[in-house]
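The values are calculated or read from the model by the stated rules, or taken from the named source; none is laboratory data. No experiment lies behind these values; they were computed from the predicted model shown. Glycine also receives a Cβ, built like all others from the backbone with ideal geometry; neighbour counts cover every protein chain displayed.
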Amino acid sequence: MRRYYDSGITKTLAFRKEQLQKLKATILRYEKDIAAVLYEDLKKSPEETWVTETGFLLSEIRAILNDLRLWMKPERVPTNLLNLPSSSYIIREPLGVVLIIGPWNYPLQLLFAPLAGAIAAGNCVVLKASEFATATAKLMEKLIAEIFAPEYILFDRSDGASVIPAMMKSFRFDHVFYTGSTQVGKIIYQLAAEKLVPVTLELGGKSPCVIEEDADLEVAARRIGMTKFSNAGQMCVAPDYVLVNNKIKGRFVTALINVIRQFFTDDPSMSDNFGKIIHQKHFNRLIGFLKESKILSGGKFNEKTLHLEPTIVGDISLDSSLMKEEIFGPILPVIGFDTHEQAKAIINKNPDPLAFYVFTSDRQKEKKWIEEVSFGGGCINNASWHLTNHHLPFGGRGNSGIGSYHGKASFEIFSHRKSIMKTPTWFDPSIKYPPFKGKLALFKKVIR
Ligand code: NAD
């Protein structure tokens, strides 16, 4: 891979565009197979798969193809007085051979969207798919092998805990782009540190959702219900818990229960619109959470099919693991608050969430929440849709990650910004050279 990269073949605009076109065409050609494997792994409907995986990815590739020529142009920047008559510019060059590690919850999109960015920036890529979305990983392996030479894009779907440390110890990648849990993110960061490899960490966390007294409750219930229970709650930007003003808490819970019934019928396990939990271990973890709270709605589960109903819980201790760990499943704690400060104190127990949502019709409250809470990105009167706008860089901060991507940000994160100054030779005043005695006053005029 290193030799292939060094040959320079991946660097031209024509090559990058051709590979992106190939990726796009292959995804379209395999659209039905993609829908089938995602149904097998996570019981995603073809519609959900289109919105959150296939279609999402295609629009990401389209956005990159539209503007790639522009992004690759050297960027002229001004030159300061000291360096005149030099000129200055920045060129974006590829990083080299990069490693992209994906999770199982959106196994296609979360591996191939960064891949599109890495190709656009001219890199060679090792793709490490999650071993848990098995059917999708097998299809992705086939698809990649069909269109790319292994010295350009290499695919692996084996057990991450054994293969990733071995890979990162034996080879120096030029960048590691990791999506997954904060816990494993720390391991990746440590492995990268040993060889001073830069990282992008797209992690998780507990993303809060605040509902103020003046919110449109019906809309809030619909938007929260849709996002929280999409992919059976196994979404990094799903509202992890809801903080709702006590004056409207009862009404909100009733509205949400109605919404769940409308979306997923009385038996969500039979609904085409409601997914399943990825594996037994994760399922057991979620069932454990149910014992820590009072179930307000839902709560039925089937261990054989790994189904857990959309579940609303209340009466939760803030010290329970339910309020300490990222839930990552169809359980939504609803917690009442009386004052802004009370709600903020609860949010601050799990600092730097990946996302934050506030539902309110009051501009002042909206502003206060957005400014006072530290988080990756978020929405006002909506939940999770910010990540579908490729003009918005997507990523966390602190506990929820390092760096961001999507659209132009994906190109930037896989590029190095090389700063260049070009100086003409016809102007070379002796003031710049020793001896410096007597020149201090002039230096003070020019450099300040
Ligand atoms: P995970 O951390 O268990 O696994 C992610 C990847 O890391 C997999 O490819 C796996 O093989 C590898 N891995 C696992 N253990 C490893 C180890 N010890 N050493 C090296 N590599 C290892 O994450 P997951 O369970 O697949 O995904 C769920 C988590 O991902 C949640 O916390 C969720 O919030 C987060 N997530 C974040 C985003 C985002 O964009 N920020 C998106 C999706 C998921």
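Conditions (1) crowded, with 19+ Cβ neighbours inside 10 Å; (2) under 20 Å from the mean Cα position of the chain (by Cα); (3) not β-branched (Val, Ile, Thr), marked per residue:
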position	(1), (2), (3)
Ile335	yes, no, no
Ile346	no, no, no
Asn350	yes, yes, yes
Lys367	no, no, yes
Glu371	no, no, yes
Cys379	yes, yes, yes
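Only a single item in (1) away from the ligand (no atom under 12 Å from the Cβ); (2) free of Cβ contacts under 8 Å to residues at least 60 places away in the same chain; (3) of a type outside the set (Ser, Thr, Tyr); (4) in contact with a helix residue (DSSP H, G or I) (Cβ under 6 Å, 6 or more places away or on another chain) is not met by Phe359, and it is number (2).
Residue count for region 393-412 under the criterion of being among the hydrophobic types (A, V, I, L, M, F, W, C) and away from the ligand (no atom under 13 Å from the Cβ): the result is 1. Does region 225-233 contain any residue that is at pLDDT 95 or above, surrounded by fewer than 24 Cβ atoms within 10 Å (Cβ to Cβ) and in contact with a Pro (Cβ under 8 Å, 6 or more places away or on another chain)? For region 225-233, residues at pLDDT 95 or above, surrounded by fewer than 24 Cβ atoms within 10 Å (Cβ to Cβ) and in contact with a Pro (Cβ under 8 Å, 6 or more places away or on another chain): present. Of the residues Lys228, Lys247, only one is more than 8 Å from the ligand (Cβ to nearest atom) and either within 18 Å of the chain's Cα centre (by Cα) or part of a helix (DSSP H, G or I) (or both); which? Selected residue: Lys228, the only one of Lys228, Lys247 that is more than 8 Å from the ligand (Cβ to nearest atom) and either within 18 Å of the chain's Cα centre (by Cα) or part of a helix (DSSP H, G or I) (or both). When the criteria are applied in full, Lys368 fails the requirement of being of a type in the set (D, E, K, R) and either modelled with pLDDT under 95 or in a loop (DSSP other than H, G, I, E, B) (or both). Under the condition of being in contact with a Gly (Cβ under 9 Å, 6 or more places away or on another chain) and outside any loop (DSSP other than H, G, I, E, B), which residue from region 354-365 is surrounded by the fewest Cβ atoms within 10 Å (Cβ to Cβ)? Applying the filter and picking the extreme gives Phe356.
Of the residues Val125, Val77, Val97, which single one is surrounded by 19 or more Cβ atoms within 10 Å (Cβ to Cβ), among the hydrophobic types (A, V, I, L, M, F, W, C), away from the ligand (no atom under 12 Å from the Cβ) and over 15 Å from Ile413 (Cβ atoms)?
Val97 is the lone residue from the list that is surrounded by 19 or more Cβ atoms within 10 Å (Cβ to Cβ), among the hydrophobic types (A, V, I, L, M, F, W, C), away from the ligand (no atom under 12 Å from the Cβ) and over 15 Å from Ile413 (Cβ atoms).
Could you say whether any residue in region 52-62 is closer than 13 Å to Ala120 by Cα, among the aliphatic types (A, V, I, L, M) and crowded, with 19+ Cβ neighbours inside 10 Å? Yes, region 52-62 has at least one match. Within region 180-208, if we keep just the residues that are of a type in the set (Val, Ile, Thr) and more than 9 Å from the ligand (Cβ to nearest atom), the residue that is surrounded by the most Cβ atoms within 10 Å (Cβ to Cβ) turns out to be Thr200.
Listed by position, the strands (runs of 3 or more DSSP E) contained in region 260-353 that have at least 1 residues being within 16 Å of the ligand (Cβ to nearest atom) and closer than 21 Å to Ser207 by Cα are 331-337.
Scanning region 400-422 for residues that are crowded, with 19+ Cβ neighbours inside 10 Å and either modelled with pLDDT under 95 or part of a strand (DSSP E or B) (or both) returns Gly401, Tyr405, Ser415.
State all residues of region 2-35 that are aliphatic (A, V, I, L, M) and buried (at least 16 other Cβ atoms within 10 Å of the Cβ); if no residue qualifies, say none.
Selection gives Leu20, Leu23, Ile27, Ile34, Ala35.
Can you confirm whether region 414-435 contains a residue that is more than 16 Å from the ligand (Cβ to nearest atom), closer than 22 Å to Tyr189 by Cα and of a type in the set (Ser, Thr, Tyr)? Yes, the conditions are met somewhere in region 414-435. Being crowded, with 17+ Cβ neighbours inside 10 Å, under 23 Å from Glu48 (Cβ atoms) and under 29 Å from the mean Cα position of the chain (by Cα) is a condition met by at least one residue of region 283-293. Scanning region 129-155 for residues that are within 9 Å of the ligand (Cβ to nearest atom) and farther than 18 Å from Ile27 by Cα turns up Ser130, Glu131, Phe132. Got at least one residue in region 164-178 being touching a Lys or Arg at 6+ places or on another chain (Cβ under 7 Å) and assigned to a helix (DSSP H, G or I)? Yes, that holds for at least one residue. Determine whether region 158-176 contains at least one residue that is hydroxyl-bearing (Ser, Thr, Tyr), over 20 Å from the mean Cα position of the chain (by Cα) and within 12 Å of the ligand (Cβ to nearest atom). Yes, region 158-176 has at least one match.
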